[in-house]
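Structure record follows, encoded as structure tokens.
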Amino acid sequence: MSVKRPTGLHPATIAAQAGGLTDNSTGGVVPPIHPATTFARDEEYVPLVDGNVYSRVHAPNGRMVEGVLAELEGAADAMVFPSGMAAVAAVFRTLRAGQTVLVQSQIYWGTMAWIRDFCTRRDITLVEVEAADTQAFAAACDACKPALAWIETPSNPWLRVIDIAACADAVHAGGGVLVADMTTSTPVLTRALSFGADLVMHSATKGINGHSDVLAGALACRDADAPVWQDIRTDRDMAGAVLGPFEAWLLLRGMRTLPLRVERMSQNAQALATYLADHPQVDAVLYPGLPEHPGHALATRQMQGGFGPLLSFIVKGGAPAALAGVGRLQLFHRATSLGGVESLVEHRHTIEPHTGIPEGLLRLSVGIENAGDLIDDLAQALGQ
């Protein structure tokens with residue numbers, strides 16, 4: 001239920017007004033929850049509301065989220081899923097045995113582990129490449145002509161920045177599809193479709209929802225008529241990987257503050273990264289907002305309004321020193337995930353012990369708290 005409104009609105013307006021959605025049946029300014037699983041038809045068996053037949057295929061609350069997300073992304077269409085990994089799986093299930101995929105190395109470990117297993121089981125050739133090296137990525141595309149390529153920027157937890165446009169050119173030259181995981185950036189900071197990506201994936205559990213209380217995933221596309229998008233939609237609707245109405249309603253509620261949250265979290269993360277860069281107990285800070293970061297110039301071109309909430313830093317003294325510091329933190333929750341309003345800390349080597357993560361690396365998901373309070377907490381925990 002939408003109302004007429006101007007076009008060309010800024011993300012903050014689109015999000016705050018939930019894409020113009022209201023409750024026309026009551027006059028409420030908040031769209032309602034529709035828990036129905038099936039919908040009535042008239043005497044001639046025509047749906048009373050066009051498209052509303054069965055919630056596995058057409059769910060009103062899911063469509064509300066999809067409409068707002070598509071507008072934020074500048075996308076032709078969007079789909080929501082019950083988790084980020086369900087969205088990942090929906091993309092890869094479009095592949096056929098014998099095809100080749102090119103995947104950025106050292107991305108989120110859960111995505112990489114699932115892709116490796118899936119490709120092995122489905123007889124799909126998997127090629128991994130350091131996508132931050134644009135020449136290496138282009139050479140890999142030229143050599144293997146992937147049907148699908150997967151990138152993540154900024155990457156988790158290494159915070160590597162990938163040239164989306166260059167990757168798109170390389171993949172498209174061989175007839176492939178480029179998918180960009182933009183979970184850490186969100187459409188507020190980067191619209192990957194405008195740089196040439198064919199599909200964008202989000203673990204909407206993270207920044208898009210932003211309150212650590214909804215498990216969800218999302219995809220958005222540049223061309224709604226593209227065969228890959230039609231295959232994904234058919235698979236999702238038939239297999240039933242849909243988001244429930246209450247979760248979709250909560251997700252839409254969270255999205256209404258997305259630009260504000262991302263702005264504040266990015267500002268806080270920048271302040272913490274700057275502080276940590278000069279800390280005597282820190283070996284390195286991985287954050288694209290720092291001028292010394294190797295991807296800073298590219299991130300400045302691709303990211304508008306900040307560099308996101310995620311940063312990693314390496315504590316001197318390895319795991320013992322890092323874990324001791326984590327144990328002394330009072331404001332950062334020791335928990336997995338990112339993009340929520342509360343700040344989190346992870347000792348990544350504990351989570352990923354066999355992936356080359358430095359033993360002293362701590363990953364921070366910076367929330368919307370006062371930056372000074374967060375810096376004071378890091379100072380007492382690290383010993384300064």
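The values are calculated or read from the model by the stated rules, or taken from the named source; none is laboratory data. The structure presented is a predicted model; accordingly, all values stated were derived computationally and were not measured. Glycine gets a Cβ as well: all are built from the backbone with ideal geometry, and neighbour counts include every protein chain shown. Note: accessible area is taken over every heavy atom of the protein model, side chains too, but ligands, DNA and RNA are not part of it. Shrake-Rupley method; radii C 1.70, N 1.55, O 1.52, S 1.80 Å.
Springs between Cα atoms under 10 Å define the GNM used for the chain, and in it the highest mean-square fluctuation of Gly51, Gly325, Gly244 occurs at Gly51. What relative contact order, as a whole-number percentage, does the range 29-129 give when Cα pairs under 8 Å and 6 or more residues apart are counted? Relative CO of the range 29-129 lands at 17 percent.
At the listed q of 0.16, 0.22 Å⁻¹, the Debye profile of the range 32-115, built from one uniform point per Cα, gives log10 I(q)/I(0) equal to -0.84, -1.12. A 1.4 Å probe run over the protein chains yields, for the range 248-384, 41 Å² of accessible area per residue, whole-number rounding. Considering only beta bridges that DSSP places wholly inside the chain, some 60 percent are antiparallel.
In a DSSP loop and with at most 12 other Cβ atoms within 10 Å, the trypsin sites (Lys or Arg not before Pro) in the range 80-189 are Arg96.
Just the protein heavy atoms count here, and of the accessible area of the range 306-379 at 1.4 Å, carbon and sulfur take up 58 percent.
Over all orientations, the range 166-208 has a Cα convex hull whose mean projected area works out to 2.8 square nanometres. Result for the chain in a Gaussian network model with C-alpha springs under 10 Å: among Asp278, Asp223, Asp42, the largest mean-square fluctuation is at Asp42.
Ranking Leu298, Leu374 by solvent-accessible area of protein heavy atoms (1.4 Å probe, all protein chains present), from largest to smallest, gives Leu298, Leu374.
Summary of packing: across the peptides 199-211, 262-274, 231-243, the per-residue average of other C-beta atoms within 10 Å ranks them, highest first, as 199-211, 262-274, 231-243. Nonpolar atom fraction for the range 147-276, defined as the carbon and sulfur part of the 1.4 Å probe accessible area, stands at 55 percent. If you average the C-alpha positions of the range 187-264 and of the range 286-303 separately, how far apart do those two centres end up, in angstrom? Spelled out, the Cα-based centre of one part sits 25 Å from the other. Working note: 222 nm ellipticity from helices only, DSSP H runs with n ≥ 4, each -39,500 (n - 2.57), summed and divided by the residues of the chain, gives -11000 deg cm²/dmol to the nearest 500. Averaging Cα coordinates gives a centre for the range 62-107 and one for the range 323-359; these two points are 27 Å apart.
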